[in-house]
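**Student:** Pasting a structure here, questions to come.
The values are calculated or read from the model by the stated rules, or taken from the named source; none is laboratory data. It should be emphasised that the depicted structure is a prediction, and the values quoted were computed from it without experimental measurement. Cβ sites come from the backbone with ideal geometry, for glycine too, and all protein chains shown count toward neighbours.
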Amino acid sequence: MTKAKTALVIGGGHNGLICATYLAQAGCQVQLVERRDTVGGGAALHHFGEGYSVPALAQMHHPLHPKIAKELKLDAPAPAPASAIIALSREGQHLYLGENGATGTGLSAEDQVAYIAFKQEFGAYAKALGALYLNTAPRLKDFDLADGTVLAKLGWQLRFGLGRDAMREFLRVGGMNVYDILNEKFASPALKGALAAQAVLGNHVGPRTPTTALNYLYARFQELQGPASHGTQIADHLRDAASDAGVSITTGVAVEQIMVSDGVATGASLSDGRVIEADIVVSNADAKATFLNLVGPAQLDAMLTHRISKTRTNGDVSKVNLALDSAPDFAGLNADDLRHRMMIAPDMRYVERAFNASKYGEISQAPVLDIACPSAVNGALAPAGHHVLSINVSFTPYRLKQGWDEGRAVVLQKVLDILEDYSPGIGAKVVASEVLSPVDIEAQYGITGGHWHHGEMSIDQGFMMRPVHGTAQYQTPIEGLFLCGAAAHPGGGITGLPGRNAARRILAKAAR
Amino acid sequence: MTMEKPAMHNFAQVLEPSPFHDRIVAHTLTQNWAEWNGYQTVRVADTVASEYFAVRSSCSVMDLTPMEKYRITGPDALDFLNRLVTRDISKLKPGRVMYAVWCNDKGKVIDDGTIFHLAPGDYRLCAQHHQLDWLLLSSIGFDVTIAKETADIAALSVQGPTAYSVLAAAGAKGLEGLKPFGIIETEMAGIKLTISRTGFTGDLGYELWTDPDNALAMWDAIFAIKHKGLLDVRLIGLDALEMVRIEAGFIMPGWDFNTAENVVRADHDRSPFELGLDWIVKFDKPYFTGKKALLEERARPARRRLVKLSLEGNRVPSGSFLFDRKDGTNVGSVVAHMWSPILKTALAYGDVELTKGALPDQLWAEIYYQKELKWRLAWAKCTVHSAPFWQHERRSKTPPLTS
C-alpha cells in the first residue's frame, strides 16, 4: 500500500469487518467505528427476554465465500451439518428440500427428479454469474481493462462454462419470474411455495414479479458456498479476525458527518465530539444514510442525490423472536428437524397474496413465515429446556397505513395464530416475545427503511447500477470515499463479497 | 421543502393572456403572436424595424410576464442557490441581481437566468424555461420553499436610451441612484412596484415588477408619456428582442445551444466553458452541481466554443456552416445570425470545434443566398469578438443619462 496509510471504516457490520480486515492485512492503519455497542450488525447475536438470544437479523446464512476465508487466512468454522428447507404442512406432510434432493410424503417421483435437475441447472447459472458477483461490476460505458476482463470472464462462463444450450436457456429464464419458472418445472404446490418464498424473501417482490429469477439465482449462489447454519457465531469470528489483523474497533460511537474538503473525504466527526482523519473513508452504511445523511446533498450533484433518494429501500420483513418454555412441537417433525429452515408458504399464490397486501401498505392477512430454531443446535441461547424461535415475517411493509405502534401487536398475533395451526399449543409455551418491524430495524441497525439488503435487490438496482450508476464500483463521487456494504454490488445476504470487493478496489486504486 | 399546488390550467384557453393583454392587443397591429411559456406573446407588434429602433434610439416596452419566476425562501435558500448555480451567490447582496447558469451533473448547462436578492434570505429566480422540476429535484436535503410565481407577478421591460426619462416622467421615484443590477422597492403614479436596472439589450433599461392587479395602471402610466407627446414609447415583440440580445451578447438557451436534460444525442449539450461563460464558473465556492465534471473538463483542452462573429459583406449567414478557410474543413455552424442596423454589419454566433483547445486561425462562413429565387453561394470571412457587439456607456452610467 503506497498512498493510503490510514483508513476509517464506518459501521461494523460483517462487510465492514471484512473490508477492514483486508485493508489492515494489506498494511493500512484501520479504525472501525460502530454506533451499536457490539459489532456484527444484523449478523450479531441479539438478546431478549430473560436469558434468551437469537441471531439479530441473519437468522440462517450460508458460509462466506471460501475465497474470503482463504485470502484472509481465517480459521474456518466447523462446517455446518447439511441443512434443508422444510416446507411445513398443516397436515404434517412436510417436504424436505435439500441441496441434493427433495423428499416428503406425497411428493411425486417426477417432482423429485425435476428438483434435482432444477437445483443443478440453477446451480450452473449461479456459478456462471459468480464471475460477476466476485468482481467489481463492470461499467458498460468507458470501461477500462478491469471492466473488460470481468465482462470477458462473464461471457466465457456463460458461453463455455454453461455451454451453448444452457446459455440460451439462461438467457430465456434470467428475466423471468419464479412463478412461471417453477410452474414449468414442478407440480407440487408446497414445493413451489417454499422455493418461491426463498426467492422473494427480503425484497419487495412477489413470485410473479419480473426478474425474480435473478433473486433466486442470488440465493442459489449463496447455497453453493455450503450448507446454511444459524447466524450465532459469524460476528465474533469476524471481529476477532479484524482485531487480529490490527483493526482498531470503537463501539458505541456514531459517525455524525463524513468530512469533505474540495471533493475529497478527509475523515469523519463522531458523536462523542472526536474527529478522525483518514486517507480513506469506507462506509458500511446504506447509500441513503451515507450520501444523504453523512456526506450531505450540499457536497453532491443534484441528479445523483435525486437518484439515491429514489432508490427503493423500504423493508418488508419483520423479525419476530419468541422464547418458549419447552421445545416446539410440529406434528411430523422430530427434534433433529428443528435445526433446518422451516418455511410456511404453502403455495405460490399464498406468497403472491401475502405480497399484495404490502403493496398497499398493509400487513399480509397470511404472511410468509421463515422460521429458525437456533436453540436446537446451540443450548446456550436459552435456559435449559427452553427454546427460541427466530421468525422472518413477510410481508409487513415499512410504510404501514395503520402505523407500526399498532402494527407490532398485529404481526405478533398473526404469527401466533398461524403457528398454532402448524404446532397446536405453541402459544401457551411463549414466555417472551418481541417484534422488530422494518421501522425498528431501521432505528436499531441504522439501515434506511429497515431493508435487509440496504435496498431492493433488483436488476435496476443491481450490478453496475448498485446502489445507483455514478457511484457503483464501490467508488463514490467523493474522492477517497468508498462503499463496502450491502448497498454495493453484489448486495445483501451474508456473502462478505461487498466488503471484499470494496477492499480489493481500494487497494488496487492505491497501488496505482 | 414545500411546493404550492399549481392552479388548474384552463384547457379551453390554449394560450394564457398576460395581465397586460388588453393593452397589448390594442398595440399589436399585425396580430402576429407567438407562444412563450404558455402565454400569448407578441412576435411583432408593428414592424420589426420600428421596434428595433425603439430599443436603440428611444424607449421600448416588452411584456416580461411569461418569464418563468420562482420565489426561493427558507433557512437554506442561500445554500440551495449556491449548490444550484456556478456563481457564488453568497456574494449577491440584498437589493442586487446576478446573472447565472445552472448545470446538470455532467456540467452541461440546463438554463440561464437572473437571481434577485429581494430581501435577506428572500430570492427570486427568473429563467428562460420552466425549471420547477429541476429546482425541486435540487432541493432534496435543503430546508427551502420553492414557489412558482410566474403568474403572480406582472412584469414589463422598459429599455432604451430614454427609458429613464420615460419612467421618471411617469412618476417612478428613486431611479436616479439605481445602479446596474440594483433593485428598489418604489412607487410610480401611486402604484407600488419593484424596479430593477436589468435587461437584455446592452443599453440603459429597467424591469418593472408588480401585482397583476396593478398591471394596466402601470402600463397606462408609462404610455401616458407617449400620448402626451413627450417621448416615444413603443411595444416590442420577440423578433426585435432577438436582434438586440444578439447585439448585446446574450445567449438564448434552447436556441443558441441545446439545454442539458433535453438532449438526445451524446455531446450535443454544452458546458459553460463551451458557451464562453468561463467568467461565471467559480470553483472557489462550496460544491455546486456539475463542479466535479467542470473541473475535469477544465483540465482537458477545450473541444468547442460558442463564439461571437461579425462577417464581411452584407449577407447574413443563415444556417451557414463554418470553415477554417475558404473551401476548407468544416469546423462548425452558425446558431444565431442577424443584420445589425446600428452596427451596419452581419453578426452571428458560431458553434466552433477547437483544435488542441484553440480556434482555427481563420473562420469562413459558407453563405447560401437567393437572387430572384436562384440560389448562389458566397464566402464571408468572420472576425471573432470577445466583448459584446453593442454595449453603450448609457448601460452603466449612474445617475442615468437623460434625453
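**Student:** Residue by residue through segment B:306-332, note down the ones that are surrounded by 16 or more Cβ atoms within 10 Å (Cβ to Cβ) and either part of a loop (DSSP other than H, G, I, E, B) or without any contact (Cβ under 8 Å) to a residue 40 or more places away in the chain (or both).
**Tutor:** B:Arg315, B:Val316, B:Pro317, B:Ser320, B:Asp324, B:Val331, B:Gly332
**Student:** When you go through B:Ala365, B:Ala346, B:Ala378 one by one, which is the residue that is closer than 30 Å to B:Asp232 by Cβ and modelled with pLDDT of 95 or more?
**Tutor:** Criteria check complete, one pass: B:Ala346.
**Student:** Working only within segment B:255-296, note down all residues that are more than 13 Å from B:Asp351 (Cβ to Cβ), within 14 Å of another protein chain (Cβ to nearest Cβ) and not in a loop (DSSP other than H, G, I, E, B).
**Tutor:** Those that are more than 13 Å from B:Asp351 (Cβ to Cβ), within 14 Å of another protein chain (Cβ to nearest Cβ) and not in a loop (DSSP other than H, G, I, E, B): B:Lys291, B:Lys292, B:Ala293, B:Leu294, B:Leu295, B:Glu296.
**Student:** Additional query: In this structure, does B:Asp239 turn out to be under 28 Å from B:Cys59 (Cβ atoms) and away from chain A (no Cβ under 14 Å)?
**Tutor:** Judged against the criteria, B:Asp239 is a match.
**Student:** Determine, yes or no, whether B:Asp133 is within 14 Å of chain A (Cβ to nearest Cβ) and in a loop (DSSP other than H, G, I, E, B).
**Tutor:** no
**Student:** To continue, here is another question. Determine, yes or no, whether B:His337 is exposed (fewer than 14 other Cβ atoms within 10 Å of the Cβ), under 20 Å from the mean Cα position of the chain (by Cα) and of a type outside the set (Phe, Trp, Tyr).
**Tutor:** Against the criterion (exposed (fewer than 14 other Cβ atoms within 10 Å of the Cβ), under 20 Å from the mean Cα position of the chain (by Cα) and of a type outside the set (Phe, Trp, Tyr)), B:His337 does not qualify.
**Student:** Can you find a residue that is crowded, with 23+ Cβ neighbours inside 10 Å, in contact (Cβ under 8 Å) with a residue 24 or more places away in the chain, more than 23 Å from A:Pro63 (Cβ to Cβ) and more than 14 Å from chain B (Cβ to nearest Cβ) anywhere in segment A:476-488?
**Tutor:** yes
**Student:** What are the residues in segment A:99-157 that are free of Cβ contacts under 8 Å to residues at least 12 places away in the same chain and of a type in the set (Lys, Arg), if any?
**Tutor:** Within segment A:99-157, just A:Lys141 meets the criteria.
**Student:** OK, next. Name the single residue that is farthest from the other protein chains (Cβ to nearest Cβ) among those in segment B:105-122 being more than 17 Å from the chain's Cα centre (by Cα) and buried (at least 23 other Cβ atoms within 10 Å of the Cβ).
**Tutor:** Among those residues, the one meeting the criterion is B:Lys108.
**Student:** Just checking, does segment B:136-150 include any residue being surrounded by fewer than 20 Cβ atoms within 10 Å (Cβ to Cβ), more than 9 Å from chain A (Cβ to nearest Cβ) and within 30 Å of B:Gly177 (Cβ to Cβ)?
**Tutor:** yes
**Student:** Restricting the search to segment B:201-254, which residues are assigned to a loop (DSSP other than H, G, I, E, B) and closer than 20 Å to B:Arg394 by Cβ?
**Tutor:** Passing the criteria: B:Thr201, B:Gly202, B:Asp203, B:Leu204, B:Leu230, B:Leu231, B:Asp232, B:Val233, B:Ile236, B:Ala248, B:Gly249, B:Phe250.
**Student:** Continuing with this model, one more query. Taking segment A:75-89, which residues are at pLDDT below 95 and either outside any loop (DSSP other than H, G, I, E, B) or not aliphatic (A, V, I, L, M) (or both)?
**Tutor:** A:Asp75, A:Pro77, A:Pro79, A:Pro81, A:Ser83
**Student:** When you look at A:Ile258, is it more than 25 Å from the chain's Cα centre (by Cα), modelled with pLDDT of 95 or more, farther than 21 Å from A:Gly491 by Cα and within 14 Å of chain B (Cβ to nearest Cβ), yes or no?
**Tutor:** yes
**Student:** Right, next: Does A:Thr136 satisfy the criteria of being more than 24 Å from A:Phe355 (Cα to Cα) and within 24 Å of the chain's Cα centre (by Cα)?
**Tutor:** yes
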